[in-house]
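Written out below as structure tokens is the structure these notes cover.
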């Protein structure tokens, strides 16, 4: 791993570090500029889907920005009130389509909390293994797409090479490549296939050996640093009042991670490293994202060593009914903290099922990041606040 | 702080604003007087012991005839506790108005817009609830209210709502073999749809008369129900 891969001062292209170019403005300073309103999206490559951003522009500078969401609203919370709990797991696989496994895990954890169900050890370790592979799948996607937005196409090919291998591995156990539906209340559907851990271990070594490529190719790239260092900084206290979580919050220097602060499954028994940034800018957000991949690989190694034998699920009645009451369950999703509020009236469908998704809060804070930036920086900021539009609109 | 300590701590400071507290399923909930919500939330944010610096979410719940509740989830990244503040919204089902928390936590802005969009709960002190945040601008009705029906499910019940098998006290499956004539008859909706189809296609077989078609439909239902049961039995074994 190169020395460049740490948060530091921007290196201007063509100069040695520490030797800044003094830019002198020679034109007349009193251009007559009038404000205009520019609508980015809803179908713009920089918005990763159908998100619209209405920006008040003064020349190239963004004066104000208002994200407009709702283009992909599918009424998940209403649909959930009409489905039983197994079906809800299949449903939640789909709101953040890049982290299907973690979403369904959130439902399982919430449901087991209200059912006060004991989950077999092996099932919990298998869930952790899959959740960490799922996290890497998600992060690799953003590594590739963010680089593409900044004009580098190659990292996408690198990322998809790894994604393909990981999806192949997860498919061998779950049968799915994006929507796994591998969890069920009280465990996972079936045990891992024979030789899975060996394959997983080989893949771990492979991905780990290729990881320095990303650090050198993207983080160490001078153009990447010039585009991202100091762009779109986020104040930690403001981020918290907005409910921003995940890599975007950790980049501000706050090591808030549900796996550490409120351990679920068996995360309390392994070392969970939470990488943090310093300045909360676009560079740090990406830096945290890459280091989270490395941290997840370290966790997978520990999970391999600790994997116990035993049953992977419990015998369930034909229909799972949650007792009357309400519960708030929360897990660390790849993009931030995912919360499920489940209020049950004792029947087989929930009375109220609220999905608190990380992307919703992360997108809400965008105006603070965009004010005062230039149009090309807007692309750098949008890509660095990692979100999935389906997760915003639900 | 754990739930008992939190309970005591809150009661010492704003005891008169608290209606009740509940700690169930690892979820600590405080029921608060609606007109004191902003005060309690501000205390949660600023008090050094509570230190709820993170606004997690806020959302509505339909409580049937009692009207609506609004739940606010706060979290402390330094003390590692979570508090759910819950208020019953004044105004019943007709004109629900809840206090807005946008002056305390900026993140409440979109959360309250979503609650208004989904339940029609107004927020006093909010900078602007309209336009509708998730649904389309000219959408009519409040989708997450229980009296707003999911149209497709009204026409055809979701198969998942059907009970695959009922269990007795010992957990054994109660076999239900439909006897002759035991299949459910046509529902009101079936009749209505048949009438509509007849009106739309005068002169077709459907127009021959309700009795024949209904009898056929009932016969179809019978076999379908039998098929379902065998499928369920197959799953069971």
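The values are calculated or read from the model by the stated rules, or taken from the named source; none is laboratory data. Since the model is a prediction, treat every value here as computed from it, not as a measurement. Note: ideal-geometry Cβ built from the backbone for every residue, glycine included; neighbour counts use all protein chains shown.
Count of the range B:94-135 residues, restricted to those that are within 22 Å of residue A:326 (Cα to Cα) and either within 10 Å of chain A (Cβ to nearest Cβ) or in contact (Cβ under 8 Å) with a residue 40 or more places away in the chain (or both), is 9. Going by the structure shown, is residue B:57 surrounded by fewer than 20 Cβ atoms within 10 Å (Cβ to Cβ), within 30 Å of residue B:1 (Cα to Cα) and in contact (Cβ under 8 Å) with a residue 12 or more places away in the chain? In short, no. Considering the range B:136-160, the residues that are more than 7 Å from chain A (Cβ to nearest Cβ) and outside any loop (DSSP other than H, G, I, E, B) include one that is modelled with the lowest pLDDT, namely B:159. Screening residue A:380 on (1) within 14 Å of another protein chain (Cβ to nearest Cβ); (2) assigned to a helix (DSSP H, G or I) shows it passes everything except condition (1). Here residue B:58 meets each of (1) within 11 Å of another protein chain (Cβ to nearest Cβ); (2) over 25 Å from residue A:238 (Cα atoms); (3) in contact with a helix residue (DSSP H, G or I) (Cβ under 8 Å, 6 or more places away or on another chain) with one exception, condition (2).
Taking the conditions (1) in a helix (DSSP H, G or I); (2) closer than 30 Å to residue A:268 by Cβ in turn, residue A:164 satisfies each one other than (2). Which one of these is in contact with a helix residue (DSSP H, G or I) (Cβ under 7 Å, 6 or more places away or on another chain), more than 20 Å from residue A:132 (Cα to Cα), within 14 Å of another protein chain (Cβ to nearest Cβ) and surrounded by fewer than 16 Cβ atoms within 10 Å (Cβ to Cβ): A:317, A:323, A:350, A:367? The match here is A:323.
Scanning the range B:76-85 turns up no residue that is over 29 Å from residue A:363 (Cβ atoms) and either surrounded by fewer than 20 Cβ atoms within 10 Å (Cβ to Cβ) or under 27 Å from the mean Cα position of the chain (by Cα) (or both). Residues that are within 21 Å of residue A:334 (Cα to Cα), assigned to a helix (DSSP H, G or I), in contact with a strand residue (DSSP E or B) (Cβ under 9 Å, 6 or more places away or on another chain) and within 14 Å of chain B (Cβ to nearest Cβ) are absent from the range A:227-236 altogether. Restricting the range A:177-190 to residues that are within 22 Å of the chain's Cα centre (by Cα) and part of a loop (DSSP other than H, G, I, E, B) leaves a set whose member that is farthest from residue A:101 (Cα to Cα) is A:177.
There is no residue in the range A:191-213 that is touching a helix residue (DSSP H, G or I) at 6+ places or on another chain (Cβ under 9 Å), within 14 Å of chain B (Cβ to nearest Cβ) and not in a helix (DSSP H, G or I). The set of residues in the range A:240-257 being touching a strand residue (DSSP E or B) at 6+ places or on another chain (Cβ under 9 Å), surrounded by 23 or more Cβ atoms within 10 Å (Cβ to Cβ) and not in a loop (DSSP other than H, G, I, E, B) consists of A:240, A:247, A:248, A:249. The test for being in contact with a strand residue (DSSP E or B) (Cβ under 7 Å, 6 or more places away or on another chain), part of a loop (DSSP other than H, G, I, E, B), more than 14 Å from every other protein chain (Cβ to nearest Cβ) and crowded, with 18+ Cβ neighbours inside 10 Å does not hold for residue A:107. Here residue B:37 meets each of (1) within 25 Å of the chain's Cα centre (by Cα); (2) farther than 23 Å from residue A:244 by Cα; (3) part of a helix (DSSP H, G or I) with one exception, condition (2).
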